[in-house]
1. Less than 20 Å from a label point 7 Å out along the Cα-to-Cβ axis of Gln208: which backbone N atoms in segment 285-328 qualify, by residue?
2. What GluC sites (Glu not before Pro) in segment 225-328 are in a loop by DSSP, with at most 16 other Cβ atoms within 10 Å of the Cβ?
3. Evaluate Rg over Rh across the chain, taking Cα atoms for both radii and Kirkwood's formula for Rh.
4. Where the convex hull is taken over the Cα atoms of segment 185-328, what is its projected area averaged over directions, in nm²?
5. Of Cys14, Trp128, Tyr298, which is farthest on the positive side of the dipole of the chain, counting Cα position, with +1 on Lys and Arg Cβ, -1 on Asp and Glu Cβ, and the Cα centre as origin?
6. Placing +1 on the Cβ of each Lys and Arg and -1 on the Cβ of each Asp and Glu in the chain, which of Pro202, Gly55, Val140 has its Cα farthest towards the positive end of the resulting dipole?
7. Nearest 20 debye, what's the magnitude of the dipole of segment 141-220 about its Cα centre given +1 on Lys and Arg Cβ and -1 on Asp and Glu Cβ?
8. With 10 angstrom as the radius, rank Arg138, Arg97 by how many other C-beta atoms surround their C-beta, starting from the fewest.
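A short reminder: the numbers here are calculations on the coordinates, not readings from a lab. Please read these numbers as outputs of a predicted model, since none were measured by experiment. Cβ atoms come from the backbone with ideal geometry, glycine included; neighbour counts cover every protein chain shown.
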Amino acid sequence: MNDETSVASKGNCCSVGSAAPASNDERYMSAALAVAPAAPEVRAELKARLKPIPGGFFEMGTRKSRFPADLDSPRRRVKLSPYLISPFTVSNADYARFVAATGYRTVAEEEGWSFVFHLFLGEKARAWPGPPGLEWWRAVNGAYWAAPEGPGSDWTGRENHPAIHIAWYDALAYCTWAGLRLPTEAEWERAGRGGLANMKFPWGNVMQPGGEHRMNTWQGTFPVENTAEDGFVGTAPVDAFPPNGYGLHNMTGNVWEWVADRFGPPDLGHSPLVDPQGPKEGMARIQRGGSYLCHVSYCDRYHVHSRTGNPPDTSTGNLGFRVAGDPD
Ligand SMILES: [Ca+2]
Ligand SMILES: [Ca+2]
Ligand SMILES: [Cu+2]
């Protein structure tokens with residue numbers, strides 16, 4: 001990682017990436033794939049937590065994009081085989097269990113730093129400059145999943161919150177251990193829609209039905225005043241808010257979630273697209289669902305079609321993942 005921002009993160013997204021990830025790609029990729037597998041009974045236990053999603057057709061993407069550089073348009077027909085996906089993002093307790101079993105070190109630990117949102121830091125660190133156009137981030141030495149706000153912080157009381165500061169490689173490493181995989185982008189979006197067609201949110205088209213908050217985003221004036229009307233200043237527990245029609249929690253809001261695919265334009269050469277895997281080339285990987293930092297004033301990427309892309313060594317305090325698998 002370095003402190004320049006990626007092309008894909010331009011357009012004022014709450015997410016931020018690095019600019020020269022290719023130099024370490026081989027090292028991080030091999031480390032993630034070299035992780036020892038968990039015992040068969042642990043793998044069976046982790047797989048049993050996943051929910052089955054039926055195969056079939058759905059419409060992916062949005063008709064008209066607010067952020068054309070995100071390439072979340074046009075809407076197109078996709079056909080998927082049945083698959084399994086976790087109702088929750090991987091929690092701190094889950095990730096701690098993986099690290100205890102394998103000794104895996106995350107990219108943030110290897111690089112020595114990660115991006116932390118400025119309001120979670122002391123006055124001195126808040127005064128440091130942030131990356132251009134993304135001034136709310138601070139590169140904090142010693143920040144990583146188990147010290148989410150840097151040295152001296154820990155996740156006590158947040159056992160059931162999403163593991164954050166997770167690079168794409170770190171998510172892959174967990175999957176290697178668990179015998180599972182990241183969802184493809186199409187799988188993520190079908191799951192996020194919860195069986196509803198052409199809606200903006202996992203529950204429908206109204207952001208706050210009856211005035212009620214249904215996800216964890218930002219309320220107030222970004223990035224200086226967070227009124228946390230939804231109950232959460234930072235991450236929320238992975239099971240906060242009611243699930244969608246497929247029984248899945250926090251598909252929008254809370255934390256950005258890595259998916260398997262490389263970032264690029266959708267393949268419009270076939271209709272329907274059948275089990276699409278995304279572009280073959282490109283360094284950036286896709287993130288879905290938005291986070292607790294998303295706000296309509298600059299980054300309303302909290303819709304079921306929203307996406308962004310960042311290099312796979314990107315690590316931030318609003319970035320995690322959920323796992324998927326294949327039916328037996
Ligand atoms: Ca919130
Ligand atoms: Ca999410
Ligand atoms: Cu955002």
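1. Under cut-off, by backbone N: 290-304.
2. Numbers: sites: Glu225, Glu229, Glu257, Glu281; in loops: Glu229, Glu281.
The qualifying sites are Glu229, Glu281.
3. Details: Rg = 18.2 Å, Rh = 19.5 Å.
Reported Rg/Rh (Cα atoms, Kirkwood Rh): 0.93.
4. Working: hull surface 39.1 nm².
Hull-based average projected area comes out at 9.8 nm².
5. Among Cys14, Trp128, Tyr298, the one farthest towards the positive end of the dipole of the chain is Tyr298.
6. It is Gly55.
7. Working: 6 positive and 8 negative charges, 62 e Å.
Value, rounded to 20: 300 debye.
8. Working: Arg138 25, Arg97 18.
The fewest-first ordering by Cβ neighbours comes to Arg97, Arg138.
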